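The values are calculated or read from the model by the stated rules, or taken from the named source; none is laboratory data. Everything quoted here is computed from the prediction, not taken from an experiment. We place every Cβ from the backbone using ideal geometry, glycine too, and count neighbours over all the protein chains shown. Areas reflect the complete protein model, heavy atoms only, side chains present, ligands, DNA and RNA absent. Shrake-Rupley method; radii C 1.70, N 1.55, O 1.52, S 1.80 Å.
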Amino acid sequence: MTPPTRGRALPAILLACAAMAAPATAQAESFFVDQSGSGTECTEAAPCATISEALAASRATPGTGDRIEVAPGLYEERVVIDKAEDSGLTLHGAGRGPDQETTPPDATTLRAPETNKGAEVEITTPSAVSIEALRVEVPAGFSNGGGISIGGAAESVDDVDVRSAGGINTEGIEVTPTAADAFVRDARVRSAESRALAIFGPRATVTDSDIWSAVAQALDVEIAGEGTRVVRTRLATEGSHLVTVLSPEVLIDTSLLTGGQIGAEVHASYGASNSLTLSNDTIDAGEPKVVDKFAAAVTAEAEGASTARLRLVNTIALEKQEVEGGGTQSVVCSSSIVPVREVDGPEGVIECGAGAGNLFAPPSSVFAPGAADWHLSTGSPAVDSGTEGEALSTVDLDGNPRVLDGDGDGVAVIDRGAYELPTPPPPTSGPPAIGPANSFSFGKLRRNKRRGTAKLDVEIPGPGSLALSGRKVKRAAVEAGRAGAFSLSIVPKRNLARALRSKRSAKTSIEVAFTPTGGSAATRARRIRLIRKAGRPGRGEP
């Protein structure tokens, strides 16, 4: 399979998914749920007590594109979205909360009261349903369920935390065979005894997610998962296999794969032809940052008249490559850092020698110090040495620009692996000038959910000027005559304000600059979420 081209860049995928998932706004209504609610029509003034009641109220109205807004709290109910009237529905919580085992009080959490009934959130026949800002918990001992099951066309899951402590057949997130063009974004999945993310439907897209399983695969792409794309995602397991692929045209790009005794395996049988491309990734099976001879970074295995193809492009893989089976299997590497092996045997073809721009380097020369830090070190052979593998993403796994001049030679070239090394600062001559301290820190973010605005506290070491800016927010500035904490207002511009009015929640990036009196400026960036409750704004509000 050829590497991805510019015409298939991630923004195009995102736009296509957004277009498919965009609900019709005509006659759309919002319904509200609160644990303390006692209403029957699920209005903001008199919310319902359960999500099931809000679903019933939504189905009683014509049109599609309704929203169900769920307040923080623990809702012990199973949510089944299975009616034609549910098409275009958005189920939106108050947030997924921090990454912790115990249930966060400020999160909207779903936990089903009964086992063996299906997923906690199960979508079947409708299309373009969105699940957003939720925490989903599968209790220990549950089976044949799971966290979120996507079963309709163009469904999306965004900003969720799925905790599956269940046993057999209790995946964290499942994309069923009837779910084409599913979209999973910013998902945090923790699975104790089963697969964390299982994809059975075609053309699924996974981005900006963190997927972990204790004993099974972090990612399993089954027979009908053709065309799956995984971008900017962390995949980890403590089991034997990290990623398994049983379908063609699967791509993992700008991602980190750690753990397991086999990093990624492509398997084919019954005459199938399956393939996986690992592009701009970092793969470390076995013990972290150790070249483990008992582990395999990738394995291609085919039986009978089947074909299994695996390709590494611009990727760092610490462990060996393997081919197995009696079919046609191959591993081909280009512009990658691998334990170089060029052996063709009866099991298949491995082409990962130096002739295609591949090289071998010990982990100590590639990565930054630290037991589990896969960022590149200064002078790493991976820096500015990529020659292939144009990334689907314009940023690396940290969100930094994908192509930077990491070695400072004046020419920016893509790095190998999931991370890009920043451009080093220019050399200085003579002793550095000493000026006023310009370090500062962010404090509390206080949201005005009625207005859709916020205030960010900033702690500065001395007098100077503070300025807040962002492409989607209005500029704010403060002149400070002393050290201490000062507040900067975050007010959305027109497009972000419009998004807040329709979606009630939106993410954006801001940048704060502090220039001490008589000194040089320092800047820091932050990603924030603005929230706006439904209802009429007050006088003078945007």
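Sorted by mean Cβ packing within 10 Å, highest first, what order do the peptides 31-38, 311-318 take?
The densest-packed peptide leads the list: 311-318, 31-38.
Using Cβ point charges alone (K and R +1, D and E -1), the dipole size of the chain about the Cα centre works out to roughly 3180 debye.
Which entries in the list Lys117/Lys533; Lys449/Lys474; Lys289/Lys444; Lys83/Lys449; Lys320/Lys507; Lys449/Lys472 go over 29 Å, if you measure between the two C-alpha atoms of each?
Working: Lys117/Lys533 34 Å; Lys449/Lys474 17 Å; Lys289/Lys444 37 Å; Lys83/Lys449 32 Å; Lys320/Lys507 41 Å; Lys449/Lys472 17 Å.
Too far apart for the 29 Å limit: Lys117/Lys533; Lys289/Lys444; Lys83/Lys449; Lys320/Lys507.
The distance linking region 154-200 with region 91-106 is 17 Å (Cα centroid to Cα centroid, whole angstrom). Summed over the residues of region 250-381 and divided among them, the accessible surface reaches 35 Å² per residue at a probe radius of 1.4 Å.
Each of the peptides 505-511, 156-162 was scored by the mean count of other Cβ atoms within 10 Å over its residues; in descending order, highest first, they stand as 156-162, 505-511.
Restriction of the GluC sites (Glu not before Pro) in region 220-262 to DSSP coil positions whose beta-carbon has at most 14 other beta-carbons within 10 angstrom yields Glu238. Looking at region 152-236, the accessible area is 26 square angstrom per residue; that uses a 1.4 Å probe and ignores ligands, DNA and RNA.
Among beta bridges from DSSP that stay inside region 250-402, the antiparallel ones total about 5%. For the chain, the share of DSSP beta bridges that are antiparallel, to the nearest 5, is 25%.
When you filter the chymotrypsin sites (Phe, Trp or Tyr not before Pro) in region 420-491 for DSSP loop state and at most 16 other Cβ atoms inside 10 Å of their Cβ, nothing is left. Ordered from highest to lowest accessible area with the whole protein assembly present and a 1.4 Å probe, Lys444, Lys320 read as Lys444, Lys320. Here the contact order of the chain, divided by its residue count and restricted to Cα pairs under 8 Å and six or more residues apart, works out to 7 percent.
Adding -39500 (n - 2.57) for every DSSP H run of four residues or longer, then dividing by how many residues the chain holds, sets the calculated 222 nm ellipticity at -2000 deg cm²/dmol.
Surface composition of the chain: carbon plus sulfur atoms hold 54% of the accessible area, using a 1.4 angstrom probe and ignoring ligands, DNA and RNA.
Backbone geometry of region 437-453 corresponds, through the Karplus equation with coefficients 6.51, -1.76 and 1.60 at θ = phi - 60°, to 3J(HN,Hα) couplings of 4, 10, 6, 8, 9, 8, x, 6, 9, 10, 8, 9, 6, 6, 8, x, 10 Hz, x marking Gly and Pro. Of the labelled options [x] 25.0; [y] 27.5; [z] 24.2, which one gives Kirkwood radius over Cα pairs in Å as computed for this structure? Answer by label: [x]. Distance from the Cα centroid of region 472-541 to that of region 279-314 is 45 Å (rounded to whole angstrom).
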